[in-house]
Amino acid sequence: MLIVAKIKSYFMIKVKTSLLTALWVLWYYDISYLYLWVTLVFFLNFISVICSIIAAVPAIVMAGIDQGAMTAFWVAGWYALINLVVGNILEPRIMGKGLGLYALVVFLSMTFWGWVFGPAGMILSVPLTMVVQFIFGQYEETKWVSLFLSDYEGEKSN
């Protein structure tokens, strides 16, 4: 039951950070089809790094068409800054503390599971890693792997 609660917690963290990214980036500028771009950014942000960049391109192009190159430049810069802060600083820390996984493990798991299963593996990388951590933690011989994947500070406080 613990692993199911952790997976639910992961998806809630991902929903909140994706929504934060989508709304924070696009709320200021008066771009046509704003709700479409926010929805696109929200859903594509579930696949970190590459798809969040892909999601920004249509909004940047639309800003350039509607309001000129300078607005497109500011939308791109603002999006890059927010994506950097939320995706690389805030989200790994929240996931590391909330899920008991080391922040570097979250990033590396996305790379590994994406390589194994493609885009679906990138979306499911953290839940799959949590399952692997849970399974390794059940046996004394492999408990060291579970501890290696875990956030040590989170383990001390639990």
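Odds and ends about this structure:
- All of 63, 56 fail the test of being over 20 Å from the mean Cα position of the chain (by Cα), modelled with pLDDT under 85 and surrounded by 15 or more Cβ atoms within 10 Å (Cβ to Cβ), apart from 63.
- Number of residues in the stretch 137-154 that are within 29 Å of residue 51 (Cβ to Cβ) and either in a strand (DSSP E or B) or modelled with pLDDT of 85 or more (or both): the value is 1.
- Some residue of the stretch 6-23 being part of a helix (DSSP H, G or I), more than 12 Å from the chain's Cα centre (by Cα), under 20 Å from residue 121 (Cα atoms) and basic (Lys, Arg): yes
- Qualifying residue in the stretch 76-85 (condition: of a type in the set (S, T, N, Q), surrounded by 14 or more Cβ atoms within 10 Å (Cβ to Cβ) and in contact with a Ser or Thr (Cβ under 9 Å, 6 or more places away or on another chain)): yes
- Counting only helices (runs of 4 or more DSSP H) wholly contained in the stretch 45-123, no element carries 3 or more residues that are in contact with a His (Cβ under 9 Å, 6 or more places away or on another chain) and over 22 Å from residue 10 (Cα atoms).
- Qualifying residue in the stretch 76-95 (condition: among the basic types (Lys, Arg), closer than 18 Å to residue 6 by Cα and without any contact (Cβ under 8 Å) to a residue 12 or more places away in the chain): yes
- Of the residues making up the stretch 66-114, those that are among the small types (Gly, Ala, Ser) and at pLDDT 80 or above are 68, 69, 72, 76, 77, 80, 109, 114.
- In the set (1) in contact with a strand residue (DSSP E or B) (Cβ under 9 Å, 6 or more places away or on another chain); (2) farther than 15 Å from residue 17 by Cα, residue 37 fails one condition alone, (1).
- Residue count for the stretch 105-118, restricted to those that are surrounded by fewer than 18 Cβ atoms within 10 Å (Cβ to Cβ) and more than 13 Å from the chain's Cα centre (by Cα): 5
- Condition check for residue 42: closer than 18 Å to residue 18 by Cα, among the aromatic types (Phe, Trp, Tyr) and either assigned to a helix (DSSP H, G or I) or at pLDDT 85 or above (or both): yes
- Within the stretch 124-149, the set of residues being within 20 Å of residue 12 (Cβ to Cβ), surrounded by 15 or more Cβ atoms within 10 Å (Cβ to Cβ) and aliphatic (A, V, I, L, M) comprises 124, 126, 128, 130.
- Residues in the stretch 4-39 that are among the hydrophobic types (A, V, I, L, M, F, W, C) and modelled with pLDDT under 75 were compared, and the one that is farthest from residue 92 (Cα to Cα) is 31.
The values are calculated or read from the model by the stated rules, or taken from the named source; none is laboratory data. No experiment lies behind these values; they were computed from the predicted model shown. Quick reminder, even Gly has a Cβ in these numbers, built from the backbone with ideal geometry, and neighbours come from all protein chains shown.
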